[in-house]
Amino acid sequence: MYVPTLAERVLKDTTINLKGFLVGNAFSDIVTFLSARMYYAYYHGIIDHEQWLSLVESCCKDGVSEKDRCDFASGSSKSCSRLLYDISNKLKQVNQYNIEENCYIDADEGSRRKRSEADFSEAGMARLPVLASYPCLNNTAVTNYMNDPRIQAALHVRPGLQRWVVCSDTMNVQYNRSKSVRDAYLRMLSTKKLRMLLYNGDLDSLCNFLSEEWFVDSLNQTLVKPWRFWYTEGPYASQQIAGSVKNYENITFATVKGAGHSTPIDKPLQSFELFSRFLTNTF
């Protein structure tokens, strides 16, 4: 949401020569975001075949599991909403930011999970969960660092403010969320002035690659190069598959194999290659 919204604002400023932007593991549209999580859960063994069949029967028109026929975002019936709620809670038990990583549990983790489950109610599936912290991740070091008086003084933080937390419940509740940036992308694409790259680590189940691939496809731009592998280069990992990519006119979608939500942390070499290719327009 943040990058395309800011980019569109910058594009209107004639004193700034903006050439393009890239966005990693983004949340671009609430419907594709919520729907893709169900497909991802099934494709990665988080739910079994019987649960998937029940979900499709309850939530998909005529029991057909095509994404355009399934209402996994708001729930089309009570039985559909119940299944979506149950599967969402299953997803919370794994490390959603990288499904191959362990889930770090600390003293506050249980209360964080309970709070997020309560907020993600059956009656409002399209409402994003409010989290006091990132589930499964150890935020102790950054929390201690940001609350160190010496660090706050160096950052010119006013004394007497509330304790710093990774995710603020107060800000989350008061923040006016956009549900989609599709129109913003279409407006920017219509100018023909910018190059855009959206990429996802393929182990991120939260902002997963299916959601962003569907989003980019929905923009209905001219396909320039179809879906294919892309490879790393150089002496350390020459010609190893780094992910997949497809190019539309002025917008590209790519995945990074084996990376989670924090793609540059999980796969620094591949992320640098991806960034370099974006700058040189060689994807």
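General observations
- Karplus-based coupling profile of region 207-216, in residue order and whole Hz: 9, 8, 5, 4, 4, 6, 4, 4, 5, 4, with θ = phi - 60° in 6.51 cos²θ - 1.76 cosθ + 1.60 and x standing for Gly or Pro.
- When each of Lys192/Lys257; Lys61/Lys246; Lys61/Lys90; Lys67/Lys246; Lys192/Lys246 is checked by Cα-Cα distance, pairs over 22 Å: Lys192/Lys257; Lys61/Lys246; Lys61/Lys90
- Three-way shape label, region 157-283, alpha-carbon gyration tensor, a/c 1.5: oblate
- Relative contact order (%) - the chain, alpha-carbon pairs under 8 angstrom, separation at least six: 22 percent
- Cysteines having no other Cys beta carbon under 4.7 Å from their own, within the chain: Cys167, Cys207
- For the pair Glu249 and Leu279, the difference between a 0.36 nm per residue extended length and the Cα-Cα distance amounts to 9.2 nm.
- Counting neighbouring Cβ atoms within 10 Å and putting the fewest first, the residues Glu101, Glu66, Glu8 line up as Glu66, Glu101, Glu8.
- DSSP-defined antiparallel bridges as percent of all bridges, the chain, nearest 5: 50 percent
- Amide proton proximity set for Glu233, modelled H, under 5 Å, gap of 5+: Gln239
- Region 163-283 - percent relative contact order, Cα under 8 Å, separation 6 or more: 25 percent
- Amide H contacts of Gly243: Trp230, Lys257, each under 5 Å away and 5 or more positions distant or on a separate chain (H built 1.01 Å from N in the peptide plane; Pro and chain starts excluded).
- Three-way shape call for the chain based on the alpha-carbon gyration tensor, with the a/c threshold at 1.5: rounded
- Taking amide hydrogens as placed 1.01 Å from N in the peptide plane, the amide H of Thr252 sits under 5 Å from those of Met196, Leu197, Leu198, each at least 5 positions away in sequence or on another chain.
- Summed residue charge, Cβ within 15 Å of Ala26's Cβ, Lys/Arg positive, Asp/Glu negative: -3
Computed from the coordinates by the stated procedures, all read-outs in this text should not be read as laboratory data. These numbers were taken from a predicted model, which means no experiment stands behind them. Please note: Cβ atoms are built from the backbone with ideal geometry, for glycine as well, and neighbour counts cover all protein chains shown.
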